[in-house]
Amino acid sequence: MSKNLCLRPTIHKQMDLWNVLTEHYQRAYTLLSILEGKQRIATTYIEHSQAQQKERHDDKLSSVINKFKIGNKVLLHRTKAEKQWSGKFENKWDGLFFIHEVLGNGSYKLRLDDKILAKVAHRDRLKHYHSRSNPESLISQIGTHSPLVSPKDIPRNLEPIVVIEQPSNLNT
């Protein structure tokens, strides 16, 4: 019996253990109460930030959704040509299409003259077509070698210009 009494902790040791455990529980309770307050603050910040992001996204989306109207002239992007290297210098935009019908989620049915296309095009593959009023300005912007002046307008009595190049190895 005396052996069992020696193995058992004394009342003094039990009280110390109880005090240590009580201090730990109190500290954990304090930390948890602080954490709950911080979580509530973080939740309100997150909700506020998400509401602002949704508002900005909806404003941007509403301006994009109504981008094209029925009858607008558009060009259709050739996405298959973008993936092929063989057509590197080919035009990446097809046709002159008209918006025939506005479908949901930014999708449109297109029309080419009187023929309605079977496939639907998304707004990401469309861009507005802007016609040019002066075709001569287009030619000058492209930089082709076709003359803008007809040969009849060039005077015939001009003397040819002779250009004499100096040798580059002369020391002056």
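The values are calculated or read from the model by the stated rules, or taken from the named source; none is laboratory data. Because the structure is a prediction, the values reported are computed rather than measured. Methodologically, a virtual Cβ is constructed for each residue, glycine included, from the backbone with ideal geometry; neighbour enumeration extends over all protein chains shown. Side chains included, ligands, DNA and RNA excluded: accessible areas come from the protein's heavy atoms. Shrake-Rupley method; radii C 1.70, N 1.55, O 1.52, S 1.80 Å.
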Anything over 31 Å Cα to Cα? Flag those among LYS83/LYS127; LYS38/LYS60; LYS69/LYS92; LYS67/LYS115; LYS80/LYS109; LYS60/LYS115, in the order listed. LYS38/LYS60; LYS60/LYS115
Residues of segment 24-49 with amide nitrogen under 11 Å from the 7 Å Cα-to-Cβ point of GLU55? 48-49
From highest to lowest solvent-accessible area (probe 1.4 Å; ligands, DNA and RNA excluded), TRP93, TRP85, TRP18 read TRP85, TRP18, TRP93
Please give the net charge around HIS100, taking every other residue with its beta carbon less than 14 angstrom from that of HIS100, where Lys and Arg add +1 and Asp and Glu add -1. +3
Could you sort HIS128, HIS77, HIS48 by accessible area so the largest value comes first, with the probe set to 1.4 Å? HIS48, HIS128, HIS77
